[in-house]
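Single-structure report; data block below.
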Amino acid sequence: MGKRYLAGVVLLVLMAALLIWGLPGPSEPDSPEGPSTGSVSNTATGPAASVPAVTTRYDHYRQRATELGPIPASLSGTRVDGNLQVNASGDLLINPAIRQVFDYFLTALGEESLEDIQARLAGHLAEELPPQAAQQAWALYEQYMGLREAMAQLPEHDGSVTAMRAAIRQRHDMQQAYLGPEVADAFYGLDMTYDRYMIERQALLENEGLSAEQRDRQLSNLEQDLPPGMQQMLHDTRAPVWLEQRTQRLREQGASDAEIRALREQTFGAQAVARFEALEQQRQDWQARYEAYRQQRQQLISSGLSHTDQQVAQARLQQQLFEDKELARVQALDRINTQTP
């Protein structure tokens, strides 16, 4: 294992050196088809420190976890994202869930220190995994944090397609150098696929040499090359906007409520339409209550009452028409309407 470990470290140091000194990187690889489900051995594979040092730090934070107070408020009542798994040999299985676990604890940054967050993570790994896999997960966490810090130092690009392509290649190279190909694919494969799609989509939209028909066809082909799950995500994201636009056109053409409902059911299904209509009714009720309030508020402003009396009367009116949880929204709208010329 010692020879394999040294060879792995030398290889990754060379990869990191290529990134640091700006030598030409590899050509952009094909988009990943899905998450990796391999396993990791005891040997760390990235710019992390030696295995004994990693183990010592893991043991330190695992012990510190026993001394922590209550969890941060933002995590209260939640469950840890990601299901950590091991193979028959007790090694950690590589999959996207590992990064989800790391990110779950890191969301509490700002509520508590990074030291406490790392202690909570180490405690969770010790509870969920056998010792060997827990140490492997901790080694990946340290590599992941090193990668995050390195990527945070990357300069911003100018938004051009050429610059975005260069930026995504640079991030991909860094991910591979810090994590190794298998872990990088599991952690970032889908992100990279989506980023490449968005860049190529932007390139098509900016290509003035294409006709509208050519552009639409190439955009459709580009989307068809995405994994099925990502295609569905894009469809679900765009569907509400498309439906709203289509509904508006139908209403302008005199469509009945039954025709509108049929369109919605065809797009989302009957259960989703029922929820949509309930939300729409809530919005209409809100608009009616706020409009009635706005008119009465304007009457108060024009009544000649003193400023103090106006404030008291307005607060009483708000209490009559709105629930406590709605008052912040009402007051925000009041400020916007007051500032509008």
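The values are calculated or read from the model by the stated rules, or taken from the named source; none is laboratory data. What you see is a predicted model, and the numbers here were worked out from it, not measured in a lab. As a convention, Cβ positions derive from the backbone with ideal geometry for all residues, glycine included, and neighbour counts pool all protein chains shown. Only protein heavy atoms, including side chains, enter the accessible area calculation; ligands, DNA and RNA are left aside. Shrake-Rupley method; radii C 1.70, N 1.55, O 1.52, S 1.80 Å.
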Practice item. Sort out which residues of region 230-252 are under 18 Å from residue 198 (Cβ atoms), open to solvent by less than 90 Å² (accessible area, probe 1.4 Å) and either not aliphatic (A, V, I, L, M) or not in a helix (DSSP H, G or I) (or both), and write them in order of number. Key: 231, 236
**Study point:** Selected residue [closer than 30 Å to residue 246 by Cβ and in a helix (DSSP H, G or I)] from 296, 281, 310, 320
**Key:** 281
Review point. Mind checking which residues of region 102-160 are among the small types (Gly, Ala, Ser) and either in a helix (DSSP H, G or I) or surrounded by 14 or more Cβ atoms within 10 Å (Cβ to Cβ) (or both)?
Key: 108, 119, 122, 123, 126, 133, 134, 137, 139, 146, 150, 152
Review point. Restricting attention to region 102-114, does a residue exist that is in contact with a strand residue (DSSP E or B) (Cβ under 8 Å, 6 or more places away or on another chain) and either modelled with pLDDT under 95 or on the phi > 0 side of the Ramachandran plot (or both)?
Key: no
Point to revise | Output for region 69-79, where each listed residue is surrounded by fewer than 17 Cβ atoms within 10 Å (Cβ to Cβ) and on the phi < 0 side of the Ramachandran plot | key: 69, 70, 71, 73, 74, 76, 78, 79
Point to revise | Cβ pairs under 8 Å, 6+ apart, first in region 269-294 and open to solvent by less than 60 Å² (accessible area, probe 1.4 Å), second among the β-branched types (Val, Ile, Thr) and part of a helix (DSSP H, G or I) | key: 290/330; 293/330
Revision key, fill the gap. Exactly one of 153, 143 is modelled with pLDDT under 95 and over 15 Å from residue 61 (Cα atoms), and that residue is 153
**Study point:** Of all residues making up region 178-211, the number that are open to solvent by less than 70 Å² (accessible area, probe 1.4 Å), in a helix (DSSP H, G or I) and more than 23 Å from residue 162 (Cβ to Cβ)
**Key:** 8
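Considering every residue within region 163-170, establish whether at least one is open to solvent by 70 Å² or more (accessible area, probe 1.4 Å), touching an Asp or Glu at 6+ places or on another chain (Cβ under 8 Å), of a type in the set (Lys, Arg) and part of a helix (DSSP H, G or I). Give the steps one after another, and end with the answer.
First, the residues of region 163-170 that are open to solvent by 70 Å² or more (accessible area, probe 1.4 Å): 165, 169-170.
If we keep only those that are touching an Asp or Glu at 6+ places or on another chain (Cβ under 8 Å) too, we end up with 165, 169.
Filter again for of a type in the set (Lys, Arg), leaving 165, 169.
Next, from what is left, pick out any that are part of a helix (DSSP H, G or I): 165, 169.
Yes, region 163-170 contains at least one residue that is open to solvent by 70 Å² or more (accessible area, probe 1.4 Å), touching an Asp or Glu at 6+ places or on another chain (Cβ under 8 Å), of a type in the set (Lys, Arg) and part of a helix (DSSP H, G or I).
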Check your understanding: Does residue 218 fit the bill of being open to solvent by 20 Å² or more (accessible area, probe 1.4 Å), without any contact (Cβ under 8 Å) to a residue 12 or more places away in the chain, polar (S, T, N, Q) and farther than 16 Å from residue 96 by Cβ?
Key -> no
Point to revise | Close pairs (8 angstrom Cβ cut-off, 6 or more residues apart or separate chains): under 17 Å from residue 301 (Cα atoms) in region 317-341, modelled with pLDDT of 85 or more and of a type in the set (D, E, K, R) anywhere | key: 317/297; 334/297; 337/294
